[in-house]
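A quick write-up on the structure given underneath.
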Amino acid sequence: MAGHHVSTTINGDAFEFVCEPDETLLDVLRDRLSLTGSKEGCGTGDCGACSVILDGRLVCSCLVLGAEAEGRTIATIEGMADGDRLHPLQRKFLEHAALQCGICTPGILVAAKALLEKHPDPSETEIRYWLAGNLCRCTGYDKIVRAVLDAAAEIREGRDAA
Amino acid sequence: MRYEAPERVETAVSLLSGERGLARILAGGTDLLVQLKSGMVEPDLIVDIKKIPEMRRIGAENGGFRIGAAVPSAELSEHPGIRALWPGVVEAAGLIGSTQIQGRATIVGNLCNASPAADSVPAMIVAGAIATVAGPQGRRELPVEAIAAGPGQTSLAKGELVISIFLPGRPPRSGDAYLRFIPRTEMDIAVVGVGVSLTLGEDGLCTAARVALGAVAVRALLVDEAADALIGTAVDEAALERLAAAASAACRPIDDKRGTKEFRIKVAGVLARRAAETALERARRN
């Protein structure tokens, strides 16, 4: 099999890698680039644990080929915190205990961030529909939804104050 | 397996027609990558069409819109023009999968995956959507209902691919709607899907209608008898009852884990009626 040489941008940094044509973006992130924050739950686009943002769109990286990343811009969970400073969503997830085992958490944080960038003031219903593609076996979702609502409020207040 | 991402339609056609083994087209990949992972298909060539500029565009054309084959569903939902003109198509496409799936999945992929339960297909059929197909012989146009041949099968020849869908303009006082039945509120596959589009005259009588059913036969059905039940009427109680009966009568469903034949036949009538009521309400506002 001929390897594909791919140049792409991940979390603002230029990356280059070689991958097989049938390798998914998730496999490339985890196994070639050591970006193991994105998780493989189902591998078929049902669970959302591998969520990343590809050219501004929330997608499952298990349903993207690594070769497709050529020339594109990707944001993963690794780019969410600013050094040691957590993103408000990450802080609120800790405060509200919105995670237990943590496997779904990176995907839910990436998905929630994509939501708040598009809808800074979502209703509970909007959050639940937006996150319907992110499965969590532990929390029962309520704490996740509350954490997202709280983070959205804090981000809005921060903007108003600025 | 080879992966190619051509930048022109003609290159995609020659790659697809020149491949001696199995070739697959990659747009959103939400069906293809699942099939690859499960080993359901083992293609020799994958042609990614997302680098072809005309496949990525939504353009206004003759009062309607042309949607490129690689435009994700999320982009349709964000397009005010298409939402206003064909809300039923947008709501049908918007029902497919999660936010993540919406970011990738395309209506052309939904059409060419040829699942009998594809949500966007009945909605496109009632919209009178036209698919533009490119192939070794050049380009041709055909109505979307002529694409699917049966479950997982299309009428396209080797080397052919759908490059865009045209949603036509429509007269004033027109409305469309799509409804499906699923046992939960979100993230499921249609047990029955119904699209209805209708136009009212100045006197409020229905002058034109189209009704299509999904998940009740080997492919989505355009049901003329159901449309005839509405045309010439005020879309009143009696007309809606005839519509429901005609929709149920057209069903040729199977029994499976999602629903029995009897259930699907009954629900097709119920949903046809409800979709017609929503389409009527929308037509009265336009």
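Just so you know, all these numbers are worked out from the coordinates, no wet-lab data involved. Just so we're clear, the structure is a prediction, and the values are computed from it rather than from any experiment. Please note: Cβ atoms are built from the backbone with ideal geometry, for glycine as well, and neighbour counts cover all protein chains shown.
Given R0 = 56 Å, the distance between the Cβ atoms of A:Cys42 and B:Asp203 translates into a calculated FRET efficiency of 0.55. Using a simple spin-label model with pseudo-atoms 7 Å out from Cα toward Cβ, A:Ser123 and A:Val18 lie 5.4 nm apart.
Post the alpha-carbon centroid distance, region B:1-25 to region B:114-136, in whole angstrom. Using only Cα atoms to place each centre, the spacing works out to 22 Å. For region B:53-134, relative contact order (Cα pairs under 8 Å, six or more residues apart, normalised by length) works out to 25 percent. Contact order, relative form, for chain B: 16 percent (alpha carbon pairs under 8 Å, 6 or more residues apart, mean separation divided by residue count). For B:Thr30, A:Thr125, B:Thr199, A:Thr36, the sequence from fewest to most other C-beta atoms within 10 Å is A:Thr125, A:Thr36, B:Thr199, B:Thr30. Beyond 23 Å in Cα-Cα separation lie the following of the pairs B:Lys37/B:Lys261; A:Lys39/B:Lys37; B:Lys158/B:Lys261; A:Lys92/A:Lys118; A:Lys113/B:Lys50; A:Lys113/B:Lys37: B:Lys37/B:Lys261; B:Lys158/B:Lys261; A:Lys113/B:Lys50; A:Lys113/B:Lys37.
Site pair B:Asn286 and A:Leu33 shows an inter-label distance of 4.4 nm when each label is modelled 7 Å from Cα along Cα→Cβ. Computed over chain A, relative contact order equals 23 percent, with contacts defined as Cα pairs under 8 Å that lie 6+ residues apart.
Each of A:Asp150, A:Asp160, B:Asp176, B:Asp188 has some number of other Cβ atoms within 10 Å of its Cβ, and from fewest to most they run A:Asp160, B:Asp188, A:Asp150, B:Asp176.
Taking label points 7 Å from Cα along the Cα-to-Cβ direction, A:Arg72 and B:Glu10 give a separation of 2.7 nm.
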